[in-house]
Amino acid sequence: LKGMKLGIVGRNGSGKSTLLKLLSGEITPDTGTIRRAQQLRTLTFDQGRSGLNPSLSLSSYLAPDSDSVVLDGREIHVASYAARYLFRREQLQTPVSALSGGEQARLFLAKLHLEPADLIFLDEPTNDLDIETVEALQESIAEVPGGVVLMSHDRRLIQEVCDLFLVIEGGKTQLVSSYSQWQTTLEGFLNQQKRSSTDQGAAQLGERTVVQVELEIAEIEKAILQAE
């Protein structure tokens, strides 16, 4: 919803990035459909910085049709606007691909303030960023009037920014209201997995007699002696 800051959390390999790509339209679902509002404006910023066009210069990315940008109804020269985000005048013609990770993040923030989107997707946006840029990113996300979907392992960022969390664990999803609630959910899931594994091992052991187990141990001991 408008103004909602949704965090996607779960362990590595649970499908968080895939879900984000589905929502942003980068990939299409194998089954089912995703319905988007008409004329939905989106911005994506991911680990690979794919939301930035690497072939454009810094100046062309911020002001594709002129040498000025429009901010709050006022025209500002692109050099002056870029300077607000710590870019030097001589960097204006630098290709986006040649910028560092931190510089690309600052460039994304500059674009974000020029083109407010209805929905912003952020996939691990803090990778390779310094503390100041992370703080600036956090402030910018908090000020976004539209919706935000954030996937990050930066605990502080996701706790400070998001007001709702979508948990992905074991192929299932669940909405929780806080990061600590997700940790409780994760702990319960891991305990359930551990109990299931223990029960399965006990069941397998129950299928064998004590004599069979002792024979197996004797064979293992012989194998150890031979190996030594």
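Some notes on this structure:
- Some residue of the stretch 44-67 being in a loop (DSSP other than H, G, I, E, B), at positive phi and open to solvent by 70 Å² or more (accessible area, probe 1.4 Å): no
- Checked against the criteria, Leu86 does not count as at pLDDT below 90 and either farther than 21 Å from Ala136 by Cα or part of a helix (DSSP H, G or I) (or both).
- Count of the stretch 1-18 residues, restricted to those that are in contact (Cβ under 8 Å) with a residue 40 or more places away in the chain and in a loop (DSSP other than H, G, I, E, B), is 8.
- Out of Gln91, Gln38, one residue alone is free of Cβ contacts under 8 Å to residues at least 60 places away in the same chain and surrounded by fewer than 12 Cβ atoms within 10 Å (Cβ to Cβ). It is Gln38.
- Among residues of the stretch 5-40, those that are in contact with an Asp or Glu (Cβ under 7 Å, 6 or more places away or on another chain), among the aliphatic types (A, V, I, L, M) and within 21 Å of Ile158 (Cβ to Cβ), counted: 1
- Residue satisfying all of: in the stretch 123-141; in a loop (DSSP other than H, G, I, E, B) and not β-branched (Val, Ile, Thr); nearest to Val167 (Cα to Cα) among these: Glu124
- Boolean, Gly7 is loosely packed, with under 12 Cβ neighbours inside 10 Å and at pLDDT 85 or above: no
- Qualifying residues in the stretch 160-180 (those that are among the hydrophobic types (A, V, I, L, M, F, W, C) and buried (at least 17 other Cβ atoms within 10 Å of the Cβ)) - the one farthest from Lys5 (Cα to Cα): Ile168
- Scanning the stretch 95-102 for any residue that is without any contact (Cβ under 8 Å) to a residue 24 or more places away in the chain and open to solvent by 30 Å² or more (accessible area, probe 1.4 Å) turns up at least one such residue.
- When residues of the stretch 79-88 are limited to those that are over 29 Å from the mean Cα position of the chain (by Cα) and exposed (fewer than 15 other Cβ atoms within 10 Å of the Cβ), the one farthest from Ala110 (Cα to Cα): Arg88
- Filter result for Ile120 (open to solvent by 60 Å² or more (accessible area, probe 1.4 Å) and not small (Gly, Ala, Ser)): no
- Checking every residue in the stretch 142-149 against the condition of being modelled with pLDDT of 80 or more, among the small types (Gly, Ala, Ser), more than 18 Å from Leu20 (Cα to Cα) and open to solvent by 10 Å² or more (accessible area, probe 1.4 Å) gives at least one match.
- Subset of the stretch 106-117 [aliphatic (A, V, I, L, M), open to solvent by less than 20 Å² (accessible area, probe 1.4 Å) and in contact (Cβ under 8 Å) with a residue 40 or more places away in the chain]: Leu107, Ala110, Leu112, Ala117
The values are calculated or read from the model by the stated rules, or taken from the named source; none is laboratory data. What you see is a predicted model; the values in this text were computed from it and never measured. All Cβ positions, even for glycine, are placed from backbone atoms using ideal geometry, and neighbour counts span all protein chains on display. For accessibility, only protein heavy atoms count, side chains too; no ligands or nucleic acids. Shrake-Rupley method; radii C 1.70, N 1.55, O 1.52, S 1.80 Å.
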